């Protein structure tokens, strides 16, 4: 018993730490809101890859990662899965960065509240799972919240739905692939790095490059995107290995809650009665969903995928 206590405490602290970092991540992107989202994304991909390779080398895991990567590339189905995951995480990152810098933090928050319920629906459609009565109620409440947002806020909340769906599908790919967290993200950024470097070189050639000695703070923030991507990932990986996924599942809502507070109280995004009703429906759905007994892996998919989202 005494030997287990530090392990649980460390895991819990890691979980809280990673979700706090993800919750406050919009503030980091806001410091770069003078740069096009596509440029930020390209830099994030490149510097994440550099940081992750350096981390694997520093921890002595680079050789093992290479062997795992070689085994993956020898399997056509796994290659297709990695490519699909790469496309999905690219869409997720791009939409998230653009939305934050376009003053849509509340919509990103709503998207990550909706995500666990999207994972449930994907379990039904793809994995042929069955909903319990409580899960059916939860999905209906979430649908009501999205419908209210569409009717009263003027159109479907496409940012929220894009984030939730791309993230849910990404989680499904990761579950089916069964690749380690750091190795998976390293492979995904590896595939994207040549394209990102070509784009950045092209922009630099056009005189529209965003890295400049005249803007050292911006340059440092862009270089730091690799760290802001990897550090929460490492904390999450530690937490997932040390605490029950049910506990991790509850803590995960800290992230969109903090993002909601950041959007309303720091960046003063409008939060109307219609917004409150939509969020209330989602919160009620999550409460029902969290209490619902289930053998489905939807929560496991969600927590496994969150290692690289945002």
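The values are calculated or read from the model by the stated rules, or taken from the named source; none is laboratory data. As the structure is a computational prediction, the values presented were derived from the model and not from experiment. Every residue, glycine among them, receives a Cβ derived from its backbone with ideal geometry; neighbour counts consider all protein chains shown.
All of 221, 200 fail the test of being out of contact with any helix residue (DSSP H, G or I) (no Cβ under 7 Å at 6 or more places or on another chain) and more than 29 Å from residue 282 (Cβ to Cβ), apart from 221. Exactly one of these conditions fails for residue 132: (1) free of Cβ contacts under 8 Å to residues at least 24 places away in the same chain; (2) over 23 Å from the mean Cα position of the chain (by Cα). Give me its number. Going through the list (1) free of Cβ contacts under 8 Å to residues at least 24 places away in the same chain; (2) over 23 Å from the mean Cα position of the chain (by Cα), residue 132 breaks only (1). Is it true that some residue in segment 114-129 is at pLDDT 85 or above and either over 26 Å from residue 53 (Cα atoms) or in contact with a strand residue (DSSP E or B) (Cβ under 8 Å, 6 or more places away or on another chain) (or both)? Yes, that holds for at least one residue. Which of the residues spanning segment 243-267 are in a loop (DSSP other than H, G, I, E, B) and either within 15 Å of the chain's Cα centre (by Cα) or modelled with pLDDT of 95 or more (or both)? Listed by number, the residues that qualify are 252, 253, 267. Of all residue pairs spaced 6 or more apart or on separate chains, those with beta-carbon atoms under 6 Å, a first member in segment 221-250 that is in contact (Cβ under 8 Å) with a residue 12 or more places away in the chain and a second member that is outside any helix (DSSP H, G or I) and surrounded by 16 or more Cβ atoms within 10 Å (Cβ to Cβ) are 221/32; 233/307; 236/307.
Is it the case that some residue within segment 118-136 is surrounded by 23 or more Cβ atoms within 10 Å (Cβ to Cβ), in contact with a helix residue (DSSP H, G or I) (Cβ under 7 Å, 6 or more places away or on another chain) and over 22 Å from residue 177 (Cβ atoms)? Yes, the conditions are met somewhere in segment 118-136. Among residues of segment 18-39 that are touching a residue at least 40 places away in the same chain (Cβ under 8 Å) and at positive phi, none has a beta-carbon under 9 Å from a residue that is part of a helix (DSSP H, G or I) and buried (at least 16 other Cβ atoms within 10 Å of the Cβ) at least six positions away or on a different chain. When residue 182 is tested against (1) within 22 Å of the chain's Cα centre (by Cα); (2) at pLDDT 90 or above; (3) outside any loop (DSSP other than H, G, I, E, B); (4) crowded, with 16+ Cβ neighbours inside 10 Å, just one condition goes unmet, and that condition is (2). Being on the phi < 0 side of the Ramachandran plot, in contact (Cβ under 8 Å) with a residue 12 or more places away in the chain and surrounded by fewer than 16 Cβ atoms within 10 Å (Cβ to Cβ) holds for only one residue in 192, 277, and it is 277. Only residues that are under 18 Å from residue 220 (Cβ atoms) and in a helix (DSSP H, G or I) were counted in segment 25-40, giving 7. Restricted to segment 282-295, and to residues that are over 22 Å from the mean Cα position of the chain (by Cα) and surrounded by 14 or more Cβ atoms within 10 Å (Cβ to Cβ), which residue is modelled with the lowest pLDDT? For segment 282-295, the residue satisfying everything is 294.
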